[in-house]
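Have a look at the structure below, then the notes.
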Amino acid sequence: MKKLSIGKYITKPVGIAIFATIMTILALTIGFHHNPYADPSDELTKKIIAISIIAVAVMAFIFLYDKITVLPLELWQNRNLIWKLARNDFKKRYAGSSLGALWAMIQPVVTVAMYYVVFDIIMGAGAQVGARATKIPYVLFLTAGLVPWFYFSEALNNGTQALIEYSYLVKKVVFKISILPIIKVIAATFIHIFFVLVMLVIAAYYGFYPTVYTIQIVYYSICTFIFVLALCYSTCAIMVFFKDIAQIINILLQIGMWATPILWNIEGFDESIQMYIKINPLVYIVNGYRSALCERTWFFEDFYSTVYFWIFTVVLFGIGCLIFKRLKPHFADVL
């Protein structure tokens, strides 16, 4: 049976109409949304900024439609190949070692244990208070922050190296090299699933049993997946021409580890300071994991953070598509 191609049925006018409609609905939702607990001036500022970004994004999508959509279409058309290569990449990474994939699990577990001993047992951090005055044991608070961070950092590092590692495929004219970064991100997802299960066991041990809210971990995992993939398309393309970016990313990850509320609690700051901390999109993800486990809240209850994250991610993905497409013709020459 012949496979259906999305690109065959979604023409440029239809694609633009769909995107513009979605963005218009989002802009209207933001405009009419009202938080009775928020400062009116701050809420108005957030609305103006969000709607302005949406308007710019729609205009950019219209003028750069062909350049932006070519990459998502290639990913969809090669989805079966992507899945097969992602599994092979995961198996190949640990081939030949005695413990195999267990090595990928041992290091994060040791890291969590080390932080727990230092901050909880030695320094006496104690239980943390969540957004709804929920007391969260520090080991669970820490694990819920480190699990998405390990996923993000591993996927970003591996995705950035994708074109270098598979340089022999980049030089093949007929191979769709746009699928290489997503292969690395999917391979990192396999390990992430294991740590999510470990996190759920730890939560159950402390009395936080799975509920309907726990399903949101899937949503926040998808958020992490798309966000890191958007980053990887920019970083892997730049990596071909500027190898030092790998070292820069490692430094930024070290800084980001402490700039993101993983080891510390954002609830200890005033709301005005929290607003600046939440500029970091990873704050939304880390807080989301904790909320899904312990605080029994839905992601859409934090309306502005959800809107900000997705606007930021969509814009970042668009930029990644443009950078990748612009540099793609020169990859084979440099590698």
Which length gain, in nm to one decimal place, applies between A246 and L81 when the Cα-Cα distance is subtracted from 0.36 nm times their residue separation?
-> 56.7 nm
For H34 and Y213, compute 0.36 nm times the residue count separating them, minus their Cα-Cα distance, and round to one decimal in nm.
-> 62.1 nm
Compare Y65, Y168, Y284 in a GNM of the chain, Cα atoms joined below 10 Å, and give the one with the largest fluctuation.
-> Y168
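In Å, what Kirkwood hydrodynamic radius results for the range 127-223 from the alpha-carbon pair distances?
Details: mean 1/r = 0.0646 Å⁻¹.
Roughly 15.5 Å, rounded to one decimal.
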Convex hull projection area averaged over all views, the chain, Cα basis, nm² = 19.7
Just the number, please: Stokes-Einstein D of the range 262-335 in µm²/s, Kirkwood Rh from C-alpha pairs, 25 °C, 0.890 mPa s.
-> 166
Rg/Rh over Cα atoms for the range 216-293, Kirkwood Rh, comes to 1.03
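Between I222 and I121, what FRET efficiency follows from the Cβ-Cβ distance if R0 is 22 Å, with the result rounded to 0.05? Present the calculation step by step, with values, prior to reporting the outcome.
Working: r = 35 Å, r/R0 = 1.57.
Efficiency, rounded to the nearest 0.05: 0.05.
With contacts defined as alpha carbon pairs under 8 Å and 6 or more residues apart, what's the relative contact order of the range 71-334 in percent? Numbers along the way, then the final one.
On the way: 272 pairs, mean separation 67.5, N = 264.
Result for the range 71-334 is 26 percent.
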Could you check the simple spin-label distance between K12 and A55, using points 7 Å along Cα→Cβ, in nm with one decimal?
-> 2.5
Which lysines have a Cα lying under 19 Å from the Cα of K46, excluding residues fewer than 8 positions away in the same chain?
-> K278
Which of F299, F194, F141 moves the most in a Gaussian network model of the chain with Cα springs under 10 Å?
-> F194
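Per the Cauchy relation, a quarter of the hull surface: what is the mean projected area of the convex hull of the alpha carbons in the range 191-335, in nm²? If you can, show how the numbers build up before the last one.
Values: hull surface 40.7 nm².
Taking the Cα atoms of the range 191-335, their convex hull projects to 10.2 nm² on average.
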Residues with beta-carbon under 13 Å from that of E154, excluding E154: net charge, scoring Lys, Arg +1 and Asp, Glu -1?
-> +1
Could you give me the percent of Cα pairs per 10 Å distance bin for the range 29-70, shortest bin first, beginning at zero and ending with the bin that holds the maximum distance?
-> 26, 36, 23, 14, 2
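Helix-derived [θ] at 222 nm for the chain: sum -39500 (n - 2.57) over DSSP H runs of at least 4, divide by residue count, nearest 500? Let's see the in-between values first.
Details: 16 runs with 235 residues, N = 335.
It lands at -23000 deg cm²/dmol.
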Residues with amide H under 5 Å from that of I136, placed H, sequence gap 5 or more = Q128, V129, G130
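A short reminder: the numbers here are calculations on the coordinates, not readings from a lab. Everything quoted here is computed from the prediction, not taken from an experiment. When we count neighbours, we look across all protein chains shown, and the Cβ atoms used for this are built from the backbone with ideal geometry, even at glycine.
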